[in-house]
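The values are calculated or read from the model by the stated rules, or taken from the named source; none is laboratory data. Keep in mind it's a predicted model, so treat the numbers as computed, not measured. Using ideal geometry, Cβ is built from the backbone for each residue, glycine included, and neighbour counts are taken over all protein chains shown.
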């Protein structure tokens with residue numbers, strides 16, 4: 001099974017502070033290979049122009065929100081295999097259900113702990129390993 | 001309707017009502033308009049009937065989040081400083097011991113104890129630094145809330161202008177669009193449409209087969 005250090009992450013959030021926090025936590029988990037995008041549109045361009053293994057995305061963003069990004073990823077044959085972990089302040093049940101139905105690999109509500117992020121990333125990687 | 005016209009209109013509309021009320025409403029509207037103009041915020045839609053209580057709740061949420069973050073950072077800095085001071089004093093102590101009698105310093109285990117101390121202290125400091133980093137998440141959460149309160153203030157301005165112009169009770173205020181209420185749930189108590197914490201997210205996802 002892969003470890004976070006083997007993977008290239010794309011962190012999508014319109015707040016630079018949150019991108020830095022997620023990046024810092026991933027680094028503590030051993031992942032030094034992470035890039036950032038400030039919204040879904042920028043992220044989608046990056047995903048189409050380079051190879052990534054894991055997407056961590058906010059939902060409420062300008063231009064293209066997290067749901068739109070998730071939908072675009074799952075519709076694209078070359079991207080749909082990518083796990084997308086939603087990390088968001090949206091705590092409405094309908095958003096969580098929608099994310100699950102549209103193919104998100106996990107859902108974390110802000111504020112969150114390092115342990116939560118680590119647990120979700122590991123869980124998703126285990127699932128991917130099991131289905132590979 | 002320009003703001004400059006409002007003062008002239010107010011007395012005409014005040015028939016049957018206290019001119020003072022309209023005068024004060026006009027002043028409030030102008031003050032709000034000027035403030036929002038200075039902030040570069042353009043007038044937009046109508047205010048929701050429940051907008052003001054919601055704004056109070058959101059502002060309280062900001063105060064709470066920033067206060068929590070400040071305390072968390074200060075506590076972590078205090079703890080890290082204690083560990084840092086410990087490393088500094090132990091370094092001086094072990095240096096003196098090595099200079100005085102290097103063989104004894106090593107043979108007595110003082111050097112290895114020092115190494116162990118440093119390792120433990122740096123691990124604790126690392127945890128404090130992580131805590132400080134995590135405490136910055138308030139910026140993301142409060143930033144979203146601030147944007148919503150600014151939006152609400154803009155809507156309030158529009159409503160006050162309409163009230164002054166029409167000289168009548170405002171029509172049934174439109175409900176805030178669902179999208180406007182997105183973002184951090186500042187007060188989940190009594191609500192069934194939102195989750196309160198990550199455990200509830202996990203339970204909900206588990207019920208969906210995740």
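Miscellaneous remarks
Conditions (1) free of Cβ contacts under 8 Å to residues at least 12 places away in the same chain; (2) touching a strand residue (DSSP E or B) at 6+ places or on another chain (Cβ under 6 Å); (3) within 17 Å of residue B:209 (Cα to Cα), marked per residue:
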residue: A:47; (1), (2), (3): no, no, no
residue: A:52; (1), (2), (3): no, yes, no
residue: A:94; (1), (2), (3): yes, no, yes
residue: A:103; (1), (2), (3): no, no, yes
residue: A:113; (1), (2), (3): yes, no, no
residue: A:118; (1), (2), (3): no, no, no
residue: A:124; (1), (2), (3): no, yes, yes
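- Checking residue A:122 against (1) at the interface with chain B (Cβ under 10 Å from one of its Cβ atoms); (2) outside any loop (DSSP other than H, G, I, E, B), the condition it does not meet: (1)
- With respect to the stated conditions, residue B:114 fails to be surrounded by 17 or more Cβ atoms within 10 Å (Cβ to Cβ), at pLDDT below 90 and touching a helix residue (DSSP H, G or I) at 6+ places or on another chain (Cβ under 6 Å).
- Scanning the stretch A:88-113 for residues that are under 15 Å from the mean Cα position of the chain (by Cα), assigned to a helix (DSSP H, G or I) and at the interface with chain B (Cβ under 8 Å from one of its Cβ atoms) returns A:96, A:100.
- In a residue-by-residue description of the stretch B:150-159, the property of being at pLDDT 50 or above, within 14 Å of another protein chain (Cβ to nearest Cβ) and in a helix (DSSP H, G or I) applies to at least one position.
- Note on the stretch A:48-74: among residues that are assigned to a helix (DSSP H, G or I) and within 14 Å of chain B (Cβ to nearest Cβ), the one that is nearest to the chain's Cα centre (by Cα) is A:66.
- Every residue from the stretch A:66-80 that is surrounded by 23 or more Cβ atoms within 10 Å (Cβ to Cβ) and at pLDDT below 95: none
- Evaluated against (1) within 14 Å of chain B (Cβ to nearest Cβ); (2) surrounded by fewer than 22 Cβ atoms within 10 Å (Cβ to Cβ), residue A:42 falls short on exactly one condition, (1).
- In the stretch B:189-210, the residues that are assigned to a loop (DSSP other than H, G, I, E, B), surrounded by 12 or more Cβ atoms within 10 Å (Cβ to Cβ) and more than 8 Å from chain A (Cβ to nearest Cβ): B:191
- If the condition is being in contact with a strand residue (DSSP E or B) (Cβ under 8 Å, 6 or more places away or on another chain) and under 19 Å from residue B:143 (Cα atoms), then the stretch A:60-85 contributes A:60, A:61, A:66.
- All told, residue A:77 meets the bar of being away from chain B (no Cβ under 14 Å), free of Cβ contacts under 8 Å to residues at least 60 places away in the same chain and in a loop (DSSP other than H, G, I, E, B).
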